[in-house]
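Beneath this line is the structure, given in structure tokens, with notes to follow.
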Amino acid sequence: MTEPLRTDPPHAGPPGEADREARIEQLLLSGLDHYFAGKYEQAINIWTRVAFLERGHGRARAYIERARGAVAERQRESEELLHTGVAAYHAGDFDSARRLLTRAVDEGGPSETALVFLARLGSLEAVAQRAAAGAAAGTPAPHPHR
């Protein structure tokens, strides 16, 4: 059996209150870093850890609510972009539709509707490119619905 090193503390028990407070502060700051980088979900996850360490931690709860509000606003903006993009598609403004739908996906995450319309735009572009290539070669343009 070996003897403990003299540099080891006599009792290595659970971390003290100062260590716990330092850890909480570190988590709060880490969450703020994610929040200001626009990574709201990651910030919420970190601040939730603080809430588990110290029930009812006021700053953590306030930060979580603020980040949830930012997530909701981002989602609202994404849905608005999606709606406007679909309207542009139906109006035949395909360049605007692609720009708006791509922003909706980039800002709010891929939605099934946005991806369907982006795929349709891709198909239309492929047909247009084949038609342009056929016109240059003197062949008739393909029908877009085949």
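Things to note:
- The mean sequence distance of close C-alpha pairs (under 8 Å, at least 6 residues apart), as a share of the length of the stretch 32-91, puts its relative contact order at 28 percent.
- Summing Cβ point charges (Lys, Arg +1; Asp, Glu -1) relative to the Cα centre of the stretch 11-118 gives a dipole of roughly 220 debye.
- Annotation for the stretch 23-95: trypsin sites (Lys or Arg not before Pro) lying in DSSP loop with at most 15 further Cβ atoms inside 10 Å of their Cβ are K39, R55.
- When +1 charges are put on Lys and Arg Cβ atoms and -1 charges on Asp and Glu Cβ atoms, the dipole computed for the stretch 59-140 relative to its Cα centre reaches about 300 debye.
- For GluC sites (Glu not before Pro), the sites in the stretch 52-140 that DSSP calls loop and that have at most 16 other Cβ atoms within 10 Å are E54.
- Accessible area per residue, Å², the stretch 73-112 with all protein chains present, probe 1.4 Å: 64 Å²
- In sequence order, calculated HN-Hα J values of the stretch 120-128 (Karplus, 6.51, -1.76, 1.60; Hz; x Gly/Pro): 4, 4, x, 5, 4, 5, 5, 5, 5
- For the stretch 46-58, backbone phi angles converted through the Karplus equation (6.51, -1.76, 1.60; θ = phi - 60°) give residue-by-residue couplings of 5, 5, 5, 4, 4, 4, 6, 5, 9, 3, x, 5, x Hz, Gly and Pro being listed as x.
The values are calculated or read from the model by the stated rules, or taken from the named source; none is laboratory data. The shown structure was predicted, so the numbers you read here are calculated from the model rather than taken from an experiment. Methodologically, a virtual Cβ is constructed for each residue, glycine included, from the backbone with ideal geometry; neighbour enumeration extends over all protein chains shown. The protein model used for the area step is the full one, side chains on, heavy atoms only, and it has no ligands, DNA or RNA in it. Shrake-Rupley method; radii C 1.70, N 1.55, O 1.52, S 1.80 Å.
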